[in-house]
């Protein structure tokens, strides 16, 4: 079981995301008012709170949303889970579609630290069922139904 530590959005692509108390997740679209929403396979990005904390312990001064992640979740190592894993948070169902991404080494985090965890640790999902997710909500792997 996991816990949502932060919900983050950005209104424009190419800008850092910022935390919000709650967000509306729209089926087959993403997060309402988030610049990366759309009909594609990377509607919502997730990053493990524990991986962010380990990066901070190395001297990185990063706020929630700095990596471009929509959800910071404690209790999961997302990059160790297979593509196709489904998560549930309240009414929202997300399905993992991609692990990691190619990094443009010009990002501020990489320039300062010489490393960025999002390309290795970040995962992307699509929204199978919409609803609201708030900071502090329970986040779980949904059991597969045959």
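Each value in this text was obtained by applying a stated rule to the coordinates, not by laboratory testing. Values in this document were obtained by computation on a predicted structure and should not be read as measured data. No Cβ is skipped: glycine too gets one built from the backbone with ideal geometry, and neighbour counts run over all protein chains shown.
Worth pointing out:
- The three principal axes of the Cα atoms in the stretch 1-82 give end-to-end lengths of 35, 28, 21 Å, sorted in falling order.
- Bridge type composition, the stretch 2-143 - antiparallel percent by DSSP, nearest 5: 90 percent
- Over the chain, volume per residue of the alpha carbon convex hull, in Å³: 99 Å³
- Gyration tensor verdict on the stretch 106-146 (Cα atoms; rounded if a/c is under 1.5, prolate if a/b is larger than b/c, oblate otherwise): prolate
- Helical contribution to [θ] at 222 nm, DSSP H n ≥ 4, -39,500 (n - 2.57), averaged over the chain, rounded to 500: -3000 deg cm²/dmol
- Extension gain for residue 80 to residue 57 (0.36 nm times residue separation, less C-alpha to C-alpha distance): 6.2 nm.
- Residue 98/residue 142 FRET efficiency (R0 25 Å; Cβ-Cβ; nearest 0.05): 0.85
- Within a Gaussian network of the chain (alpha carbon springs, distance under 10 Å), most fluctuating of 22, 37, 57: 57
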